[in-house]
Amino acid sequence: MTTFVGVDVSKATLDVCVLGIQDFQATNDEEGLAEIISALSGLKDVLVVMESTGGYEMALASALANARIPFAIVNPRQVRDFARALGQMAKTDRIDARILALFGERIKTSITELPSEKQQKLMGLVTRRRQLIEMRVSEQNRQALAPSNVKASLIRHITALNAMIGELDKEIGKLIRNSPMWKKREDIMDTVAGVGRVTIMTLVALLPELGSLNRKKIASLVGLAAFNKDSGQLLGKRCCWGGRAAVRSVLYMAALSATQHNPVFQEHYKQLVARGKLKKVALVACMRKLLTVLNAMVRDGSDWQEVLAAPH
């Protein structure tokens, strides 16, 4: 029988609920992590459930992985919806830990595989690059309206951001080139017109599952699976939500480029629009098709010319 453990993670503390056994709080540091591992090591068939908290959960996840204790990192929105379904409107760290344990017990939850240290490093670099790009865009927007006595400061900051982005590009490129698997993925995806360097590095870093899942699962993981919103005789519009926003963002730009420069996606987009699809809906369909094609290419180790030559 599985023992479900919920852990509410914050920057300073970890609130733990071992369902039906005990509740306790530990500090989110080496001493606190050791306390949690010690408490769980004596239990058989354990599953620890925690929310994705933007990074604060990674120290606990690493400690659990090293101790070979299974864990699941779950979507906070799903957990909150689950709490509302239980009628639990109050929210404290202790209550949240218990809700997480109950979520693990009652909702089928997949065990999370922690990325390798090398994968985590690449993910961190690509995420930091995206943050710097966002800063640069904000500063460039401010520059257009800034008074003359402020523009010099903005220009200096933009120049510094450009230099940092350039350094990150070199470091990311070096990491990918030094990994035979990543380099092979880069070479494969680089053969597709419309798929550029930023898309490739983001997919390699933030979508390591590419090539290992079927087309429906990979689309769902990224947030490109369309869900019905029908009730009775009312037929609602299908919509996409959830998934990995950073991956979806680069796929949007790649699909936009592919519909202009790649004949296959250009024709697919035109056919969808001709059938009455809204342009935005047609572009999302192209994003999904592009992801499906890239997934198959990485899985089969085939380039774009081999895809075109394959019988359809």
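Details
- Ranked for footprinting exposure by Cβ neighbours inside 10 Å, fewest first, VAL281, VAL150, VAL247 give VAL150, VAL281, VAL247.
- Subtracting the Cα-Cα distance of ILE37 and ARG94 from their residue separation scaled by 0.36 nm leaves 18.7 nm.
- The chain - convex hull of alpha carbons, volume per residue in Å³: 215 Å³
- Kirkwood Rh in Å, taken over the range 267-312 so that all alpha-carbon pairs contribute: 11.6 Å
- Rounded to the nearest 10 degrees, the inclination of helix 263-274 to the longest alpha-carbon principal axis of the chain is 80 degrees.
- In the chain, helices alone account for a calculated mean residue ellipticity at 222 nm of -19500 deg cm²/dmol, with every DSSP H run of four or more residues adding -39,500 (n - 2.57).
- Multiplying the residue separation of GLN266 and ASP23 by 0.36 nm and removing their Cα-Cα distance gives an extension gain of 81.7 nm.
- For the range 51-57, 3J(HN,Hα) computed residue by residue from phi via the Karplus equation (6.51, -1.76, 1.60; θ = phi - 60°) reads 8, 6, 10, x, x, 5, 7 Hz, glycine and proline entered as x.
- Once the C-beta distance of LEU114 and ALA146 is scaled by a Förster radius of 45 Å, the resulting FRET efficiency is 0.55 to the nearest 0.05.
- log10 of Debye I(q)/I(0), alpha-carbon scatterers only, for the range 9-99 at 0.12, 0.22 Å⁻¹: -0.35, -1.21
- Among the listed pairs LYS174/LYS279; LYS11/LYS280; LYS217/LYS277; LYS108/LYS280, a Cα-Cα separation exceeding 32 Å is found for LYS174/LYS279; LYS11/LYS280; LYS108/LYS280.
- When the trypsin sites (Lys or Arg not before Pro) in the range 139-231 are filtered for DSSP coil states and for at most 12 other beta-carbon atoms within 10 Å of their beta-carbon, the remaining sites are LYS229.
- Among the trypsin sites (Lys or Arg not before Pro) in the range 248-287, those located in a DSSP loop and surrounded by at most 14 other Cβ atoms within 10 Å of their own Cβ are ARG275.
- Here the range 116-178 is treated as a Stokes sphere of Kirkwood radius computed over C-alpha pairs; at 25 °C and 0.890 mPa s its diffusion coefficient rounds to 190 µm²/s.
- Rounded to the nearest 5, the antiparallel percentage of DSSP beta bridges internal to the chain is 60%.
- Options GLY104, LEU33, LEU224, ranked by Cα towards positive dipole end of the chain, top entry (Cβ charges): LEU224
Just so you know, all these numbers are worked out from the coordinates, no wet-lab data involved. Predicted model only: the values in this text are computed from it and were never measured. Because the Cβ atoms are built from the backbone with ideal geometry, glycine has one as well, and the counts that use them run over all protein chains shown.
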